[in-house]
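A.B. asks: Questions regarding the structure given below will be posed in turn.
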Amino acid sequence: MEGDLDLLFELVSRRSGSALSKQQRERVQQCAERLRGGRPWPSFVDELHGRQGAMALLELLASASVHKTDLFRDEPQLEALERYVLAPLAESGRALQLWSAGCATGEEVATLLLLLARVGANPASRVLGTDLSASALTQARRLTFSDEAMRRVPAALSERWFRRNAEGLVLDPKLSAQARFQQHNLVETPYPFPEVGTGFDVIVCRNVLIYFTPEAAERTVGLLAERLRRGGTLVLSAAEPILKPRADLETLRVGGTFFYRPRTEPVPEVRAVPPPRPSAPVPVPRPSAPVRVEVAAVETKSPEQEGEELFSLVLEWSAAGQPDSETEAGLRKSLYLSPDLAAARYCLGLLLDQRGLRADATTEYRRALSVLQSGRARPTPFFLNPERLAEACRRALSRLSA
Ligand SMILES: C[S@@+](CC[C@H](N)C(=O)[O-])C[C@H]1O[C@@H](n2cnc3c(N)ncnc32)[C@H](O)[C@@H]1O
């Protein structure tokens, strides 16, 4: 049984991202005892790896979670978020898209809705709340809170936006109509998209990654950053700073706290040298070779141009037999530099598709198609023209959905 339990803990840790503490292991074991019924341990653990055990596995993952939360948790950070991030965004007048990733029982979603109301954001703004735990989400959807959870809410806000019923304090329907909830495991892709557009203005993921293994936390930060719109803001809690510097994010220090933003400046290490002219019989550069940095070009090239150049290089490397993992990294880097490079997005879809990652491939094809349909796509003279590319995306999507 001990070996089976180790396998169970390993599975739960890998699929939830969580580095299981002693208490979490105890909770997982108790939950497993209940779900197992009379079945022998080995067949129960085996079943969890397949379709049949999917629901039980979700319950086990949720049993490892800690749902402790309150409204207005960490006021100084929220004050800075309101003043330096939300208020300037609200001035634009457009509907904002926020995401509370790991929203537990909804307190953080309600807090964000209150902050949006206070800065006078467009009422069509949305706050998406996601969590691994189905039972936490059931409670979250009620947007009804205890006095204990409400104790930090400024009186003016609680009087204006809550009314009491038998269950507690209920958020005004004007604000709760702006909330959406969805079950989502941060370890799994694809990540949710906002209701409008392809990136969120603000993603709040607080007190979730502290429970993660360092590898899962790092991967999650990267995936969350990919879901930000340009100039978007990632909010982690003060207890979970990003310790390793990242090429994709820069730290914004404001009001005694810090947030993260996708870098807008190209990072020198990822700069690409223009591809060799087709007629020149020069050897194809390998990605492992040191990348030459042309300082003079830094002022003259936009990140989009760099992304395009890198994309053409990646295609050449790939034709020369570069491993798929390096092609994928090159494509992602091109897209980081130039997010509207629909051709690179389509190629990334193809690559994921060939590797059997259907859901991820579908996401990339969809994103390519949406960029093409919006008219924002960067033209890529050496690749399919936009109409053909859009058609290729449509065909790929209909094949994958068949
Ligand atoms: C301590 S609560 C944080 C709630 C809120 N963000 C806050 O700071 O007050 C952590 C939440 O993260 C969720 N969680 C843990 N692992 C997760 C995962 N892999 N994917 C999505 N949510 C997860 C848990 O279910 C739990 O509700």
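The values are calculated or read from the model by the stated rules, or taken from the named source; none is laboratory data. Model, not experiment: these values are computed from the prediction. Virtual Cβ from ideal backbone geometry, glycine too; neighbours counted across all protein chains shown. Quick note on the areas: whole protein, heavy atoms, side chains included, nothing else; ligands and nucleic acids left out. Shrake-Rupley method; radii C 1.70, N 1.55, O 1.52, S 1.80 Å.
A.B. asks: Considering only residues that are closer than 18 Å to A225 by Cα, more than 11 Å from the ligand (Cβ to nearest atom) and of a type in the set (A, V, I, L, M), which ones fall in the range 90-131?
C.D. replies: Within the range 90-131, L96, L98, V127, L128 meet the criteria.
A.B. asks: Related question: Inspect all residues belonging to the range 39-51 and state whether any of them is closer than 17 Å to L186 by Cα and within 29 Å of the chain's Cα centre (by Cα).
C.D. replies: No, that holds for no residue.
A.B. asks: Please indicate, with yes or no, whether at least one residue in the range 55-74 is at positive phi, near the ligand (Cβ under 10 Å from one of its atoms) and in contact with a strand residue (DSSP E or B) (Cβ under 6 Å, 6 or more places away or on another chain).
C.D. replies: no
A.B. asks: Which ones in the range 78-96 are touching a Gly at 6+ places or on another chain (Cβ under 8 Å) and open to solvent by less than 70 Å² (accessible area, probe 1.4 Å)?
C.D. replies: Passing the criteria: A80, A90.
A.B. asks: Which of (1) under 18 Å from the mean Cα position of the chain (by Cα); (2) touching a residue at least 24 places away in the same chain (Cβ under 8 Å) is the odd one out, the single condition W317 does not satisfy?
C.D. replies: With (1) under 18 Å from the mean Cα position of the chain (by Cα); (2) touching a residue at least 24 places away in the same chain (Cβ under 8 Å) applied to W317, the lone miss is (1).
A.B. asks: What are the residues in the range 116-165 that are among the β-branched types (V, I, T) and free of Cβ contacts under 8 Å to residues at least 40 places away in the same chain, if any? Even if it seems obvious, please write down each step before you answer.
C.D. replies: Step one: list which residues in the range 116-165 are among the β-branched types (V, I, T), which gives 119, 127, 130, 138, 144, 153.
Across the range 116-165, the qualifying residues are V119, T138, T144.
A.B. asks: Which ones in the range 167-204 are within 16 Å of the ligand (Cβ to nearest atom), of a type outside the set (A, V, I, L, M) and touching a strand residue (DSSP E or B) at 6+ places or on another chain (Cβ under 8 Å)?
C.D. replies: Within the range 167-204, R180, F181, Q182, Q183, H184, P192, F200 qualify.
A.B. asks: Report those helices (runs of 4 or more DSSP H) wholly inside the range 20-66 carrying at least 3 residues which are surrounded by 12 or more Cβ atoms within 10 Å (Cβ to Cβ) and in contact (Cβ under 8 Å) with a residue 60 or more places away in the chain.
C.D. replies: The qualifying helices (runs of 4 or more DSSP H) are 54-63.
A.B. asks: Of the residues S146, S100, S158, which single one is closer than 21 Å to P190 by Cα, at pLDDT 95 or above and of a type in the set (S, T, Y)? Even if it seems obvious, please write down each step before you answer.
C.D. replies: Numbers: S146 fails: closer than 21 Å to P190 by Cα; S158 fails: closer than 21 Å to P190 by Cα.
Just a single option satisfies the conditions, and that option is S100.
A.B. asks: Applying the selection to the range 216-230, what residues are within 13 Å of the ligand (Cβ to nearest atom) and either in contact with a Ser or Thr (Cβ under 9 Å, 6 or more places away or on another chain) or at positive phi (or both)?
C.D. replies: Passing the criteria: A216, L223.
A.B. asks: Does S92 satisfy being among the polar types (S, T, N, Q) and over 23 Å from R141 (Cβ atoms)?
C.D. replies: Taking the combined requirement at face value, the residue satisfies it.
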